[in-house]
Amino acid sequence: MASTPTSGTSAPVAEDANQATVGTGGGIIESDATVASKADAGSGGADGEPTTGPVFNPDIGSSCAITGACPEGLSCIGGASKDSAQVYCTVQCAADQDCPERFACTKQGVNPDKTDKKLCTRRDFCSPCANDAQCGPGGRCIAMGTDKFCSRSCNLGHFECPRYAECLEVAEGGAACVHNSGSCLGDGSLCAACGATDNCATKDGGAGGMCLTYNHTKEQFCSAPCEAGDVCLKGYGCVGIGASKSKQCVPSDKTAPKCVPKLNKHIEEGDILDDFAMVGFLDTDGDGSLLATTTGNEEPRIIKLSEYADLGFKVVLLNVAAGWCGPCKQETTTFKSLLAKYPDLGIYQVLYDGTQQGSMPTLQLAKDWIKSFKGQGAVGVDPDRNVAPINVAGSTPLNLVIDAKTRKVLKKVNGLPATGVGGIIAPFMK
């Protein structure tokens, strides 16, 4: 039987099983640096009186992006590298009671003494829950199958859920995102929904399946253990996954639809984008430079798409690029003239891949990109490939013209536009 899912690490796998890789997921990001803890100042009520109830380290959940550094005793987790916008500081735990309300105590590997390493991890979509408050701002705790999981409200008929979920009316009232399988927890068999490897079945009491993640959709599913000579079902291959090269049956091509029972569409024109975050450089002083540090404004930091409305821009060009992509470099060299022509235009360029296909993008890549191709507006990296669900596999670059205030997609062009980037922006800048 599969156990109740946790938010533990799972291994990312590309749509082609031959490109299967294991990411750090919630794993610890190594750093030689530490920072002072907010907890060092002591804690108490507004009048200095002791607080009631459990008191948690206030640094839990604080960002450790760029440096990978946390106060002593805390670990940096939550992303593929320290250049991820999602990484945060956390502590070891024994049970959920040891963590703040919006966190769960989940298995995150093994300690040197072979005991389970458990850390407080953020609850997100499909995390087990008991009430709405555990799911964070705007979150909902709803029944999916026989268990309750974190979700969020949505509007029927709109693309507002993960690609492996859809917006449905729920028993708790209103509409919420529901996993396409009906539950975030399957039976542990090949392609069953999962949240951690513990949810996947073992083979004859021996080797077990692994909880994998499609890089392109972020959907999690169980693989099945196999040996070198084993024959997997049609559409699946027996490949080595992770550092241990554990042999697993995984989808080898798109003839294995069971792992993606009902894949929702990509972002299209008219859809509303969730807020997006990347780590990179933003020209905040208007001097046209992304790397000048005389004012301190262009130091690397987390940059949210929603900032563009606050900065007064009306339209944003969200450009998805890769370090190896020739047309992406060609487009980037045109951005300076576009910004000079259209003061109300903001550019938000996301590098989701490194200089080789499948390699991890880094802040150093962003720096080199800016210097070589005169990047403008904002240039950042997405080592977790969170931009993948809005992109089309094999279509790089991707250009989305977006209303800055509503984040509504006004225009979408896959690949290099025949009219150039200026041609797709011009109609919206009148």
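The values are calculated or read from the model by the stated rules, or taken from the named source; none is laboratory data. Worth saying up front: this structure is predicted, and the values here are computed from it rather than measured. Don't worry about glycine lacking a Cβ; one is built from the backbone with ideal geometry, like all the others, and counts go over all protein chains shown.
Scanning the range 61-80 for residues that are assigned to a loop (DSSP other than H, G, I, E, B) and either aliphatic (A, V, I, L, M) or touching a strand residue (DSSP E or B) at 6+ places or on another chain (Cβ under 8 Å) (or both) returns Gly61, Ser62, Cys64, Ala65, Ile66, Gly68, Ala69, Pro71, Glu72, Leu74, Gly78, Ala80. Looking at (1) more than 26 Å from Pro361 (Cα to Cα); (2) modelled with pLDDT under 95, find the lone condition where Val421 falls short. For Val421, the exception is condition (1). Residues in the range 163-178 that are assigned to a strand (DSSP E or B) and either without any contact (Cβ under 8 Å) to a residue 40 or more places away in the chain or touching a helix residue (DSSP H, G or I) at 6+ places or on another chain (Cβ under 7 Å) (or both): Cys167, Leu168, Glu169, Ala175, Ala176, Val178. Among the residues of the range 93-129, those that are of a type in the set (A, V, I, L, M, F, W, C) and buried (at least 17 other Cβ atoms within 10 Å of the Cβ) comprise Cys93, Cys99, Phe103, Ala104, Cys105, Leu119, Cys120, Phe125, Cys126, Cys129. One residue stands out among those in the range 358-377 that are among the aliphatic types (A, V, I, L, M) and more than 19 Å from the chain's Cα centre (by Cα): the one that is modelled with the highest pLDDT, which is Leu365.
One residue stands out in the range 296-312 among those that are assigned to a loop (DSSP other than H, G, I, E, B) and within 11 Å of Lys405 (Cβ to Cβ): the one that is modelled with the highest pLDDT, namely Ser306. The residue pairs whose first member lies in the range 404-430 and is on the phi > 0 side of the Ramachandran plot and surrounded by fewer than 14 Cβ atoms within 10 Å (Cβ to Cβ), whose second member is part of a loop (DSSP other than H, G, I, E, B) and not hydrophobic (A, V, I, L, M, F, W, C), and whose beta carbons are closer than 9 Å, counting only pairs six or more residues apart or on different chains, are Gly415/Ser395; Gly415/Thr396; Gly415/Pro397.
Restricting to the range 342-356, and then to whatever is outside any strand (DSSP E or B) and more than 19 Å from the chain's Cα centre (by Cα), can you tell me which residue is farthest from Glu298 (Cα to Cα)? Of everything passing the filter in the range 342-356, Gln356 is farthest from Glu298 (Cα to Cα).
Picking from residues in the range 97-117 that are closer than 23 Å to Glu219 by Cα and among the charged types (D, E, K, R), the one that is nearest to the chain's Cα centre (by Cα) is Arg102.
Conditions (1) within 28 Å of Ile390 (Cβ to Cβ); (2) surrounded by fewer than 22 Cβ atoms within 10 Å (Cβ to Cβ), marked per residue:
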{"residue": "Ser181", "(1), (2)": "yes, yes"}
{"residue": "Asp198", "(1), (2)": "no, yes"}
{"residue": "Thr202", "(1), (2)": "no, yes"}
{"residue": "Cys232", "(1), (2)": "no, yes"}
{"residue": "Lys247", "(1), (2)": "no, yes"}
{"residue": "Pro251", "(1), (2)": "yes, no"}
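I'd like to know if the range 348-357 contains one or more residues that are in contact with a Ser or Thr (Cβ under 7 Å, 6 or more places away or on another chain) and at pLDDT below 90. No, the range 348-357 has no match at all. If you check Cys76, Cys93, Cys70, Cys64 for being over 30 Å from Gly380 (Cβ atoms) and at pLDDT 75 or above, only one passes: Cys93.
Every residue, every condition in (1) in contact (Cβ under 8 Å) with a residue 60 or more places away in the chain; (2) surrounded by fewer than 22 Cβ atoms within 10 Å (Cβ to Cβ), yes or no:
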| residue | (1), (2) |
| --- | --- |
| Leu318 | yes, no |
| Pro327 | yes, yes |
| Tyr342 | yes, yes |
| Pro361 | yes, no |
| Asp368 | no, yes |
| Val387 | yes, yes |
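When Ala201 is tested against (1) more than 19 Å from Asp124 (Cα to Cα); (2) in contact with a helix residue (DSSP H, G or I) (Cβ under 6 Å, 6 or more places away or on another chain), exactly one condition is not met: (2).
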